[in-house]
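Some notes on the structure that comes next.
Taken together, the values in this text are just the output of simple stated rules run on the coordinates, not laboratory data. This one's a predicted model, so the numbers in the text were calculated from it and none came from an experiment. Glycine gets a Cβ as well: all are built from the backbone with ideal geometry, and neighbour counts include every protein chain shown.
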Amino acid sequence: MSRHPPLEESVDLPQLGAAIRARRKVLRVSSTATAEAAGVSRVTLHRIEKGEPTVAVGAWARVMAVLGFGVALRAEGTGTGTALRATGAWLPVQVRLNDYPQLKALAWHVTGAETLRPNEAFDIYERHARHLDAKAMTPAERELFDALQAAFGGSGRV
């Protein structure tokens, strides 16, 4: 018998799901666009917005990051508040290649696309990191790159 309560007893998932849905509505982003940007299905996004505890925590985190939520983890009983903090920087629903010169150079092989989903942009940065000139990145591109790494993890090579 476990001494720890189930997740749904320690976190109010329906309330968190409602906050995610409200944020999406305020941003006027469709469920389809949000799901695509987070790399999850529309059904999974719907389940998150309902607060279902069976959805993988990674899916919750990606959706929250795409909508600009920060994630703070607190160890119970520490008395100090935040024991571990992960920043969930805001990500655009679509990444315009013309706005990010280094990404555009790395995505030379992507034909006919003016925009990428955030997970696609992250994959291109990761795959071609050896060709990235980090010193030539604009502040906006550095901010995007850091947000993508926070949202999707990464090697941190740049």
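So what's the net charge close to THR138: Lys and Arg +1, Asp and Glu -1, counting the other residues with Cβ under 12 Å from its Cβ? Could the numbers behind the result be given before it?
Working: positive: LYS104, LYS135, ARG142; negative: ASP99, ASP133, GLU141, GLU143.
My count for the surroundings of THR138 gives -1.
Please give me the summed charge of the neighbours of ASN119: other residues whose Cβ is under 12 Å from its Cβ, Lys and Arg +1, Asp and Glu -1.
Working: positive: ARG62, ARG117; negative: GLU36, GLU120, ASP123, GLU126.
Counting the neighbours of ASN119, the net charge comes to -2.
Each residue of the stretch 92-99 in order: what ³J(HN,Hα) in whole Hz does its phi give by Karplus 6.51 cos²θ - 1.76 cosθ + 1.60, θ = phi - 60°, with x for Gly and Pro?
Going residue by residue, I get x, 5, 10, 9, 7, 4, 5, 7 Hz, with x marking Gly and Pro.
Using Cα positions and a limit of under 19 Å, work out the lysines in reach of LYS50, with same-chain residues fewer than 8 apart set aside.
Candidates past the 8-residue exclusion: LYS25.
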